[in-house]
Amino acid sequence: SGTRTEQQSAPWLQDCVLSLSPCSDLLVIAREHKATFLSGTHTHTHSMADRGEWAGGNDPHCDLESSTGRPDWTCVVVGFSSGYVRFYTESGVLLLAQLLHEDPVLQLKCRTYEIPRHPGVTEQHEELSILYPAALVTIDGFSLFQSLRACRNQVARAAAAGSDVIQPPPLAYKKWGLQDMDKITDHSSIGITTLSVFDQMKNASMLGGFHASVKGSPPAMSQYITVGGGPYTGFYYAIEGSSQPLLSHVALAVASKLTSALFSAASGWLGWKSKNEEESVQKQKPKVEPATGLPVRFGLPDSRRHGESICLSPCNTMAGVTDDFGRVTLLDVARGIAIRMWKGYRDAQLGWVQVSEARGERDLATSPSMPRRHAQFLVIYAPRRGILEVWGTQHGPRVGAFTVGKHCRLLYAGHRLMGVNSVTSQGWQIHTQQVCLFDPVNGALRAVTIPFHLALSDKKSERAKDMHLLRRLTTLLRSRESEAQSVLLDIKHPAIKKQALESLLSNKNAPVSCLTNVTRALLASLKEQDPEAVDESLLQFCSSQLKLLQLYTDVQLLHTPDISPTEPEHPSFSGIEEDLARVGPVLQRYTEMNSRPCVSFAQDSSGPLPVRTFLSQLEWVNGELRVIKQPDTDWTQLGSFLFWGCLSGQSPLQRVCETLQESGISPQQLLSLLLSGWLNKEKDVLKYPDAVSHLGTLLSTLSSMKGAVDESWDGQSVSPWWQQVRTACVQSESSAAALLAALVAHRVAKNSITRLAESKWECVSMELEQWVVCIKQLEDVLALQTLLCLPSPQGSTGGAVTRCSVKTLLESGRGGVADCVSKLIFRQGMSPDVLRDILQRRGENDICVCVFVVLELLECVCQRFPNSLSPDVLFAHCSWENVVQWNKDPEVGQYLEWSVEFLKMISNPHIQFGVSAMMWQTFIVKRFSAAAFLMEKVGKAPKDRLCRRDVGMGDAAMRSFLGSSVQLLQALMEADSAVEEVSAPDVCVEEVWGGAEGPVSIVELALDQRSVHYPLVQHHCVLASLLHAAMTFSLRLKPLSLFDSKGKNAFFRDLSSIQLLPSGDMDHSLVAVRQEVSHNATLSTGGRDAITKIHAKCTEDMWPSVCMELSSILQVNTDILRRHLVCELYNQGLDLRAEEVMMEVQDKDVLGSQLLVLTGQRLAFSLLHSQSQTKPNMELLARLPPTLCTWLKAMDPSELRCPSVPLSQSSRLINKVIEMLPENHGQYSLALHLLEAVDSLHEEP
């Protein structure tokens, strides 16, 4: 089936035109009228309708460069048999089309920018060349790049606007009529060349004879090479400036509107034809400009040989040419001669690979300032034989051959990204030109990669042989150790031999015995040679690595289970049991918090240390073994390898220490490795109860080594040896392991110090004082870390568990502890009331188990940090943490509400004032001003979409935000009023934490805040209340319009600045507007619907009182508002609340008249409009006085929002009206009649 598939796919692919983009991200396959664009994720098939057939040539891809150096987009250039050249996007959208010549397009080739490798090399410009049977058209690359980018932008804008694409002006080009060749099949544009003076004289003599004259400077010429027949290869030279760029008559017709054919991508097209002009132009036949004649300068004549294709090298110095005789000829472009020929390659396909020499492969004597060398390789695919060969040029051997299919296609773009110049190419690597082989049978696309050293391959090259042996070495390590050893010894060059040994030692699969034998054999062979001929660095390297391998083997043998410890009993340290008993409860709680299951990976398991890791972390320097400075993880692996067997009681401790001491490692580095392994294996340490005693024995043994404790220690300073232990403990985030290490080291140091002479008692006190401070700090950190390890509730936010150490707390400033605890409180989702109850120890019996655990741990931490975690400091940090989290997610209004509640709990007005001022200026005022301007713009409570667009939160979140803003401003005013009565507090920390240095704490920042202008804060509070009321009750309101120009200008300014605020009498029109707004707000806040909208924490009477307070500030008559509120409450049937508000009304007469009408509406509803009208009601209506009956019929009960009110409430209401109306009032008698009617109606059964 595979053979049948291959036979079916071969003819189809041979008839297609294939082209691959320079970055190998787009493949185009074209046949007849269709083309398929293949990318990594999408495939597009497009119909290329044209009057002619497809051109037989290539369709190059012009990858347009972006600012990052990667291709921004890919342009596909297609040539047609009608002479048209069209430009498409990668998705098949036509950008530009132009008729350049009325002959079929044979070939399309692109030349892009190359970085000059040597000074004096002419910098080549970008160019697109189009070959016709007797003409060559060239288009400048810069103008083409700008035009295509502008076309793409215009097409995108037209597609977005839904309009027609405007036809762009045509391109400027040069057209050369190639003369003196019978047939042309392919071409190559070499670029601009400048002849030397000798070549100029030679050419002048050959063309002009003996009397020919020579110009002063050689002219710049564009060189073109063509292949075909008669001659076989032609060389053309066009002097720069001999032909001007051609523009068709269409461009000349709009010359008054266009100043140039080059366009900027930033400014777009400078001019366009109108639609009518475009249609008229399309109806006319495009005019083709005549070509400028260009004679052939010289060629390679061969009457029987016909060239088929030419492929230019990336360095523009060589070109490969194929012909119909099955030969591949290598041309020297500059000299115009054939320098090499291969035979037996019919229908060959060519490509070039340019490889740069790596810096590490340069010879040691080469100067690093010299440019890197480049090698050119010619890739030849012979389809008749199904073989792909790689040849070194110019005269190099065949360096590679691969058997491939017989129907493959060799794809070589021959150019790089377009739009690159000497400026934009700086700082990024231009993509190399890849040679790819496309196999149509399985659809595989293989790239050809060649190492640089193959250019040096030759039978007499020892370096190339050594490199080959180096490659063989790695394949022999697993199976044949002896052969790998012989291969290593056969390498001659010392540098390559050292490189081979390094690669051998870094092999992760090589056993230690193999590495030791090979290294020992190499060292023996070096010692047998002449000492003067041996490389000294290689000899030292072998010797040092052999010592390290022996040390690794010895330590590994000591840690094997076969060897049992034979040491005597571990010495006891007086007082260590007391220390462990003291910290035992906290350690137990810490262990419980860290014993939760967690994810682990196989590669993280504690396995044996690989030998290559051991060798990479140790080195010999001047005869001394040193540990290479590495990150903590690497030190942990090495420390665990050396000491963990001793700490766990599985290895002979004394023998391990003796072995390490004999190896030459300094005691200080051994101590660092021991502490690193101990501190980073905290969970394992807590599992072994005897690990503490083993650690004490190791510390005693290491401290007794020579060079550990300085013998000349004068007692006036602390010991550097024990200071190293303290430094490691205070830097570790493993709190429990650090505390245990400090306790053990303290006792070991104390026992050793007590054995000193009596003359050194001063030093004893200084050293022990350092230990007391260190242990106290570590105990505090352990208690704090235990609290921070509390698991977060499911679904809570706040990030991972915070890890802290003594060093991080000292560097976090005076507020570091409170900041950690506040983050934990936020992570736990603890409300302000719960935290206050925990701090005050209220209701312990009613607290749940989870909160009780927090209570216990938090109480322990607060006892250790009485100053750093005082209630005011903790409330301030919790308030700040909540507002920070709210700023990250404004949709969660509860964060800001809790932040304000925490703020109100601060008892000291100085801290409360500073925190509230910082919250307003940092987080609130920007969104607050956006909300005010938005509501001023729409004139009502904005919808959710507008709130999200302008304020960054939904309408519900904005309502909560405005309410919290009111509470914040009120707290700020209250704190500002109380600041003068209380003195500012002192920010102090515990004694052992007095050296904390770092960022200024929140409390310190709060105490440094400037005082505010109280009227300005009140001014903002009024606006916040108006905004909150409008959002809560959906009022139609323009908040800023309620203030004059002074009031508007004062908004959103710094609260500490002095602003001109409104004072005195206001404009009557402004007061009228305020009166209307206050009236609407009062009516909205007084009804039943308002009660359901009020927040659960607010009482029902909050909003009416707020409205009254705002009205007095806005200079609105509050008595009128109270009367309106009373009528509205009676209107909704809330008689009891209305009677409470009625007591504050001043003008009783007007209120009585208003309530009299409301009573009449209620009675009219009962007598005239009720569906259950009874006979007694009709008789009562007949007995009423005519005046009262007429008045009741004139009432409209539909204005009542709650008409069905019990008669007892109406009777109580009419009695209130009679009490308010004086006897001489005009409606007093009407009120008495109403009372009689209501009483009569109430007495009916």
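Of the helices (runs of 4 or more DSSP H) contained entirely in the stretch 927-1008, those carrying at least 2 residues that are within 16 Å of Trp886 (Cα to Cα) fall at 955-978.
When Leu699, Leu673, Leu679 are checked against the criterion of being in contact (Cβ under 8 Å) with a residue 40 or more places away in the chain, under 20 Å from Tyr552 (Cα atoms) and crowded, with 20+ Cβ neighbours inside 10 Å, Leu673 stands alone in meeting it.
Scanning the stretch 754-790 for residues that are at pLDDT 85 or above, of a type in the set (A, V, I, L, M) and assigned to a helix (DSSP H, G or I) turns up Val772, Val773, Ile775, Leu778, Val781, Leu782, Ala783, Leu784, Leu787, Leu788.
The C-beta contact set for the stretch 996-1010 (first residue farther than 18 Å from Thr808 by Cβ and open to solvent by 30 Å² or more (accessible area, probe 1.4 Å), second residue of a type outside the set (Val, Ile, Thr) and at pLDDT below 95, distance under 8 angstrom, 6+ apart or interchain) comprises Glu1004/Arg814; Glu1004/Gly815; Leu1007/Ala984; Leu1007/Pro985; Arg1010/Ser1056.
If you filter the stretch 130-145 down to residues that are in contact with a strand residue (DSSP E or B) (Cβ under 7 Å, 6 or more places away or on another chain) and open to solvent by 20 Å² or more (accessible area, probe 1.4 Å), you find that the one that is farthest from Thr233 (Cα to Cα) is Asp140.
Residue-level check: of (1) at pLDDT 85 or above; (2) more than 34 Å from the chain's Cα centre (by Cα), Lys465 misses just (1). In the stretch 969-995, the residue that is surrounded by the most Cβ atoms within 10 Å (Cβ to Cβ) out of those that are free of Cβ contacts under 8 Å to residues at least 60 places away in the same chain and under 30 Å from Val772 (Cβ atoms) is Gly994.
In this structure, is Leu874 surrounded by 15 or more Cβ atoms within 10 Å (Cβ to Cβ), in a helix (DSSP H, G or I) and modelled with pLDDT under 90? The answer is no for Leu874. Just a yes or no: is a residue in the stretch 331-340 under 30 Å from Lys202 (Cα atoms), out of contact with any Cys (no Cβ under 7 Å at 6 or more places or on another chain), at pLDDT 95 or above and buried (at least 20 other Cβ atoms within 10 Å of the Cβ)? Scanning the stretch 331-340 turns up at least one residue that is under 30 Å from Lys202 (Cα atoms), out of contact with any Cys (no Cβ under 7 Å at 6 or more places or on another chain), at pLDDT 95 or above and buried (at least 20 other Cβ atoms within 10 Å of the Cβ). When the stretch 562-606 is filtered for residues that are exposed (fewer than 10 other Cβ atoms within 10 Å of the Cβ), at pLDDT below 65 and not polar (S, T, N, Q), the ones remaining, listed by number, are Asp562, Pro568, Glu569, Pro597, Cys598, Val599, Phe601, Ala602, Asp604. Would you call Leu99 over 21 Å from Ser313 (Cα atoms), open to solvent by less than 50 Å² (accessible area, probe 1.4 Å) and modelled with pLDDT of 90 or more? Yes: the conditions hold for Leu99. Here is a check on your reading of the model: is Leu1016 outside any loop (DSSP other than H, G, I, E, B), without any contact (Cβ under 8 Å) to a residue 60 or more places away in the chain and not polar (S, T, N, Q)? So Leu1016 passes the test. When His1013, His1028 are checked against the criterion of being open to solvent by less than 50 Å² (accessible area, probe 1.4 Å) and under 40 Å from the mean Cα position of the chain (by Cα), a single residue qualifies: His1028. On the stretch given as the stretch 608-623, residues that are closer than 21 Å to Thr560 by Cβ and without any contact (Cβ under 8 Å) to a residue 40 or more places away in the chain total 2.
Residues considered: Ser704, Ser693, Ser735, Ser666. Of these, the only one that is surrounded by 16 or more Cβ atoms within 10 Å (Cβ to Cβ) and over 47 Å from the mean Cα position of the chain (by Cα) is Ser693.
On the stretch given as the stretch 731-745, residues that are part of a helix (DSSP H, G or I) and either modelled with pLDDT under 90 or over 21 Å from Ser693 (Cα atoms) (or both) total 1. Among the residues that make up the stretch 1098-1120, is at least one of them among the polar types (S, T, N, Q), open to solvent by 10 Å² or more (accessible area, probe 1.4 Å), at pLDDT 70 or above and more than 19 Å from Asp1239 (Cβ to Cβ)? No, because not a single residue in the stretch 1098-1120 is among the polar types (S, T, N, Q), open to solvent by 10 Å² or more (accessible area, probe 1.4 Å), at pLDDT 70 or above and more than 19 Å from Asp1239 (Cβ to Cβ).
If the condition is being open to solvent by less than 20 Å² (accessible area, probe 1.4 Å) and either under 26 Å from Asp986 (Cα atoms) or among the charged types (D, E, K, R) (or both), then the stretch 882-911 contributes Asn882, Val883, Ser899, Val900, Phe902, Leu903, Ile906, Pro909, Ile911. Taking the criterion of being under 30 Å from Arg373 (Cα atoms) and part of a strand (DSSP E or B), the residues of the stretch 95-124 that qualify are Lys109, Cys110, Arg111.
Does at least one position in the stretch 204-212 carry a residue that is hydroxyl-bearing (Ser, Thr, Tyr), more than 27 Å from Lys287 (Cβ to Cβ), surrounded by 17 or more Cβ atoms within 10 Å (Cβ to Cβ) and at pLDDT 85 or above? No; the residues of the stretch 204-212 include none that is hydroxyl-bearing (Ser, Thr, Tyr), more than 27 Å from Lys287 (Cβ to Cβ), surrounded by 17 or more Cβ atoms within 10 Å (Cβ to Cβ) and at pLDDT 85 or above. Applying the selection to the stretch 1195-1217, what residues are touching a Leu at 6+ places or on another chain (Cβ under 9 Å), part of a helix (DSSP H, G or I) and without any contact (Cβ under 8 Å) to a residue 60 or more places away in the chain? Matches in the stretch 1195-1217: Pro1197, Leu1207, Ser1210, Ser1211, Ile1214, Asn1215. A Cβ distance below 6 Å, combined with a sequence gap of six or more or placement on separate chains, defines the contacts here; from the stretch 931-951, residues that are more than 15 Å from Pro890 (Cβ to Cβ) reach residues that are open to solvent by 30 Å² or more (accessible area, probe 1.4 Å) in the pairs Glu936/Lys1038; Gly939/Lys1038; Lys940/Arg1036; Ala941/Ser1034.
Tallying residues that are assigned to a helix (DSSP H, G or I), among the small types (Gly, Ala, Ser) and over 30 Å from Ser537 (Cα atoms) within the stretch 617-666 yields 2.
The values are calculated or read from the model by the stated rules, or taken from the named source; none is laboratory data. Fair warning: this is a prediction, and the values are worked out from it, not measured in the lab. Please note: Cβ atoms are built from the backbone with ideal geometry, for glycine as well, and neighbour counts cover all protein chains shown. Note: accessible area is taken over every heavy atom of the protein model, side chains too, but ligands, DNA and RNA are not part of it. Shrake-Rupley method; radii C 1.70, N 1.55, O 1.52, S 1.80 Å.
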